[in-house]
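What follows is a set of notes on a single structure, which appears directly below.
The values are calculated or read from the model by the stated rules, or taken from the named source; none is laboratory data. None of these values were measured; they are calculated from a predicted model. Please note: Cβ atoms are built from the backbone with ideal geometry, for glycine as well, and neighbour counts cover all protein chains shown. Accessible surface is based on the protein model in full, side chains and every heavy atom, while ligands, DNA and RNA are left aside. Shrake-Rupley method; radii C 1.70, N 1.55, O 1.52, S 1.80 Å.
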Amino acid sequence: MSAPVLVIDFGSQVTQLIARRVREGGVYAEIVPYNKAEEVLKATPPKAIILSGGPSTVTQEGTPRAPQMVFEMGVPVLGICYGQQTMVKQLGGIVEPSNEKEFGRATLEVTGQSPLFDNLWPIGATDDVWMSHGDRVMGLPSGFKVIAHSENAPFAVVADEARKFYAVMFHPEVVHTPRGGALLRNFVQNIAGIPADWNMRAFRAEAIDRIRHQVGKSKVICGLSGGVDSSVAAVLIHEAIGDQLTCIFVDTGLMRAGESEEVVSLFRGHYNIPLVHAEAQELFLGRLEGVSDPEKKRKIIGSTFIDVFDGEAHKIGGAEFLAQGTLYPDVIESISAIGGPSVTIKSHHNVGGLPERMKMKLVEPLRELFKDEVRALGRELGLPPSFVGRHPFPGPGLAIRVPGEITREKLEILRKADTIYLDEIRKAGLYDEIWQAFAVLLPVKTVGVMGDDRTYDYVCALRAVTSTDGMTADFYPFESKFLGRTATRIVNEVRGVNRVVYDYTSKPPGTIEWE
């Protein structure tokens, strides 16, 4: 799919949000690293270009720049933060380091008219925006004018209306800029003239056509994890090619309570999709016995998964294609040359790819979608709401929620505690408000008193976070009554736990949860 809006990434931790906001307005957008942008621009010229923010400074030699052809294609261009600075610098303006930095909320004052502000801000209006910059523009290229400023950014918004070049010093893509989404819609739909006609129904039809064209009459194998991504991919592919698809569900013994049975029932019973249920619990737990190091555990799980999957694939035989539930953030991370903390997070939460020896061509029908868009597609395909809305579950499963050595006893304790926790969340009507909630069995035992007996049992930690993209997260502010009720149930109903704690940690970009 060619994107009418191309976002050129200079390494900002919120670049993904630019594409998300544009898509939320009904226009398809893709992201490309700055050093790969020129080849994409030549291959599929977009109708509009957005230059993202980034951590570098344009005042230093060797820092990222936009391909010069960006400004020669005759399409509207919007620069954001670093994108503004490199646009100004490359077109002959002046950017300098500043002692008056702006990080956080700032007040924007509108001083000029522009279609960028249509139905948004009249002259004289003020509004909150989110700034994050050290350098600032001090002189404009020919043809530009200032249309808004803030206290420490005299060129907060600039425009060259003749060439349809616009640049803002703040971040319209973040929620802290309340009207940022409207500004992006003005740029994309009004200035660039791109119709807002991208939706999940249209994506579904186009994706089915592409799958049929790519696969033809060949067989496809799908690695089904039981999570939302692989499940939506499997149902979409099955709709396209029917029984040419066979799913392999590797049951690791590290699933949440009842999940294995639910996956088998849904795909065999409800959808009648050919499914191989590889029950490999004993193999996984045997290989993990005595291993405490988290990275070793992840690698053991990954290699064992590959062994089992490869063995089952050979039994099926004749498949030319491998289907995966790869999402757009995975694609962005894999092609980005800028690097960042997301690489560490992916390594931690995933169990590794399939080996090259399988020599299969990939079918990745979700590689253009974000997580929330996958859920929307799942609803479009008729997947049960409880399945589509399920909280994310990492590849290593419960292995990263049992720090230290994994045993059957610990897994059983954790499953029971986790079930109670999620049950209480659902009873309180909070499940859909939370991005992810789970219990963790800590490698700590404490002395407690239950009735007239002294106990020496495990500590269970509870975690719940809100998030939009999974990269950053904040703890969910449960009421103390909820936590007290949940802790009481776990201690009373789960033999092996005598204390429960709640994790109030926020998760900034790049941090690792638990192990």
Inset, instruction - Consider F155 carefully, then state whether it is open to solvent by less than 10 Å² (accessible area, probe 1.4 Å), more than 19 Å from V5 (Cβ to Cβ) and modelled with pLDDT of 90 or more. - result: no
Inset, instruction - Would you check if D372 is under 30 Å from S292 (Cα atoms), at pLDDT below 90 and among the acidic types (D, E)? - result: no
Inset, instruction - Determine if segment 86-97 includes at least one residue that is in contact (Cβ under 8 Å) with a residue 60 or more places away in the chain and polar (S, T, N, Q). - result: yes
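Condition check ((1) among the small types (G, A, S); (2) modelled with pLDDT of 95 or more; (3) buried (at least 19 other Cβ atoms within 10 Å of the Cβ)) across all residues:
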residue: I237; (1), (2), (3): no, yes, yes
residue: A240; (1), (2), (3): yes, yes, yes
residue: L245; (1), (2), (3): no, yes, yes
residue: E259; (1), (2), (3): no, no, no
residue: V264; (1), (2), (3): no, no, no
residue: F267; (1), (2), (3): no, no, yes
residue: H270; (1), (2), (3): no, no, no
Legend entry - Residues (open to solvent by 50 Å² or more (accessible area, probe 1.4 Å) and farther than 26 Å from L442 by Cβ) located in segment 286-313: S303, D307
Inset, instruction - Hand me the list of strands (runs of 3 or more DSSP E) wholly inside segment 28-140 holding 2 or more residues that are modelled with pLDDT under 90 and open to solvent by less than 20 Å² (accessible area, probe 1.4 Å). - result: 94-110, 126-139
Legend entry - Output for segment 148-187, where each listed residue is of a type in the set (S, T, N, Q) and in a loop (DSSP other than H, G, I, E, B): S150, N152, T177
Legend entry - Any hit, segment 406-420, residues being in contact with a His (Cβ under 8 Å, 6 or more places away or on another chain) and within 30 Å of D457 (Cβ to Cβ): no
Inset, instruction - Considering only residues that are open to solvent by 40 Å² or more (accessible area, probe 1.4 Å) and more than 21 Å from F284 (Cβ to Cβ), look in segment 385-406 and name the one that is modelled with the lowest pLDDT. - result: S386
Inset, instruction - Determine which member of the set L283, L275 is open to solvent by less than 50 Å² (accessible area, probe 1.4 Å) and either at pLDDT 95 or above or within 21 Å of I316 (Cα to Cα) (or both). - result: L275
Inset, instruction - Looking only at segment 199-220, count how many residues are open to solvent by less than 40 Å² (accessible area, probe 1.4 Å) and touching a residue at least 60 places away in the same chain (Cβ under 8 Å). - result: 7
Legend entry - Check on R23, within 26 Å of the chain's Cα centre (by Cα) and more than 30 Å from A202 (Cα to Cα): no
Legend entry - Lone qualifier among E373, E368 - being outside any loop (DSSP other than H, G, I, E, B) and either open to solvent by 10 Å² or more (accessible area, probe 1.4 Å) or closer than 15 Å to A207 by Cβ (or both): E373
Inset, instruction - Look at V497 and say whether it is over 22 Å from the mean Cα position of the chain (by Cα) and either crowded, with 16+ Cβ neighbours inside 10 Å or modelled with pLDDT under 95 (or both). - result: yes
Inset, instruction - Report yes if V351 is modelled with pLDDT of 85 or more and in contact with a helix residue (DSSP H, G or I) (Cβ under 6 Å, 6 or more places away or on another chain), otherwise no. - result: no
Legend entry - Candidates D197, D209, D229, filtered to the one that is under 25 Å from L327 (Cα atoms), out of contact with any Phe, Trp or Tyr (no Cβ under 6 Å at 6 or more places or on another chain) and modelled with pLDDT of 95 or more: D209
Inset, instruction - Please report, ordered by residue number, the strands (runs of 3 or more DSSP E) entirely within segment 213-330 with at least 3 residues that are more than 30 Å from A417 (Cα to Cα) and touching a strand residue (DSSP E or B) at 6+ places or on another chain (Cβ under 8 Å). - result: 219-224, 245-251, 319-323
Inset, instruction - Determine, yes or no, whether D418 is of a type in the set (D, E, K, R), in a helix (DSSP H, G or I), in contact (Cβ under 8 Å) with a residue 40 or more places away in the chain and crowded, with 20+ Cβ neighbours inside 10 Å. - result: yes
Legend entry - Selection status of A473, small (G, A, S), modelled with pLDDT of 95 or more and within 21 Å of A399 (Cβ to Cβ): no
Inset, instruction - May I ask you to say which residue of A417, A376, A439, A399 is in contact with an Asp or Glu (Cβ under 6 Å, 6 or more places away or on another chain) and among the hydrophobic types (A, V, I, L, M, F, W, C)? - result: A439
